[in-house]
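Student: Below you'll find the structure I mean.
The values are calculated or read from the model by the stated rules, or taken from the named source; none is laboratory data. These numbers come from a predicted model, not from an experiment. With ideal geometry, Cβ positions are generated from the backbone for all residues, glycine too; neighbour counts draw on all protein chains shown. For accessibility, only protein heavy atoms count, side chains too; no ligands or nucleic acids. Shrake-Rupley method; radii C 1.70, N 1.55, O 1.52, S 1.80 Å.
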Amino acid sequence: MKIIEAPAGWPADEATARAVQDELRGKVVLDEAGPTPGNGVVTGVDVAYDDERDVVVAAAVVLDARSLDVVEKTTAVGRISFPYVPGLLAFREIPTVLAALESLNTDPGLVVCDGYGLAHPRRFGLASHLGVLTGLPVIGVAKNPFTFTYEQPGERRGSTAALVADDSHGRETVGRALRTQDGVKPVFVSVGHRVTLDAACAHTLHLSPRYRLPETTRHADALCRQALKDISRTLEDPSRKGPRIQ
DNA sequence: GCGACAG
DNA sequence: ATCTTGTCGC
């Protein structure tokens, strides 16, 4: 089992990481509509951590965009490459997420990740960072609010409300709170790279026919969590081979 | 200085 | 993110 390490030159402190974001922000492409919802494939990525063993597991799950059936899934194991700092999440998980995406045999199509893209203090969250590094269209679907204000969207599925940032970059709409099911807490959608906000919301809704979270993140979440359990067990007892039940 | 803050 | 039992509801 190969363990992904942070590449040479990976930021080691917060100031350097922020400088990297300021540098790469200019490479984000915002004038492309992106893939059409319901066509081709869409890939969900997510990670699970074992801080005790300094390990992060990333999962990438490719779904048929029409049927939402799983087409392919992969995982990658890495060393945690940065501490958790709000606004610098990408530096913690990107090396391992990239490894998982690169090990796919299928073209990922649109990538859906947990967290934010433009809705970020420097307008360069995980979804944008992943997009710039891979060149793929990426959107961010977060479960919790971050640094912006918003009104509560209507109670029905499909209702939205603007996420408004008011900071050093000015006052602007950076995403949308989107109700994916009647009466449930909204998810927070933002553009990552090469996708429009309208398209990002349309994809999110299409990917959430039954539950609050998109099927992409549900699959990716379940996969990386299971993989982390298996790997953590192996690391603590190398004599044991395959995964054990429970 | 204080509070808030994706995963 | 992760730690964790029961519990309310369809």
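Student: Given the options A:78, A:34, A:38, A:87, name the one that is touching a Pro at 6+ places or on another chain (Cβ under 7 Å), away from DNA strand C (no atom under 16 Å from the Cβ) and in contact (Cβ under 8 Å) with a residue 24 or more places away in the chain.
Tutor: A:34
Student: Any chance the stretch A:218-227 includes a residue that's within 21 Å of residue A:62 (Cα to Cα), open to solvent by 50 Å² or more (accessible area, probe 1.4 Å) and among the hydrophobic types (A, V, I, L, M, F, W, C)?
Tutor: Looking for residues that are within 21 Å of residue A:62 (Cα to Cα), open to solvent by 50 Å² or more (accessible area, probe 1.4 Å) and among the hydrophobic types (A, V, I, L, M, F, W, C), one finds at least one in the stretch A:218-227, hence yes.
Student: Can you tell me which condition residue A:160 does not meet? The list is (1) more than 25 Å from residue A:42 (Cα to Cα); (2) out of contact with any Gly (no Cβ under 6 Å at 6 or more places or on another chain), and all the others hold.
Tutor: Among (1) more than 25 Å from residue A:42 (Cα to Cα); (2) out of contact with any Gly (no Cβ under 6 Å at 6 or more places or on another chain), the lone unmet condition for residue A:160 is (1).
Student: Let me ask something else about it. When residues of the stretch A:140-188 are filtered for being surrounded by 14 or more Cβ atoms within 10 Å (Cβ to Cβ) and within 11 Å of DNA strand B (Cβ to nearest atom), how many remain?
Tutor: Of the residues in that region, 11 qualify.
Student: Kindly state which strands (runs of 3 or more DSSP E) lie completely within the stretch A:22-134 and contain at least 3 residues that are of a type outside the set (Gly, Ala, Ser) and open to solvent by 50 Å² or more (accessible area, probe 1.4 Å).
Tutor: Of the strands (runs of 3 or more DSSP E) lying wholly inside the stretch A:22-134, those with at least 3 residues that are of a type outside the set (Gly, Ala, Ser) and open to solvent by 50 Å² or more (accessible area, probe 1.4 Å) span A:70-79.
Student: Right, another one. Name the single residue that is surrounded by the fewest Cβ atoms within 10 Å (Cβ to Cβ) among those in the stretch A:199-217 being more than 19 Å from residue A:75 (Cβ to Cβ) and of a type in the set (D, E, K, R).
Tutor: A:210
Student: What number goes with the only condition from (1) free of Cβ contacts under 8 Å to residues at least 12 places away in the same chain; (2) away from DNA strand C (no atom under 16 Å from the Cβ); (3) within 25 Å of residue A:124 (Cα to Cα) that residue A:67 does not pass?
Tutor: (3)
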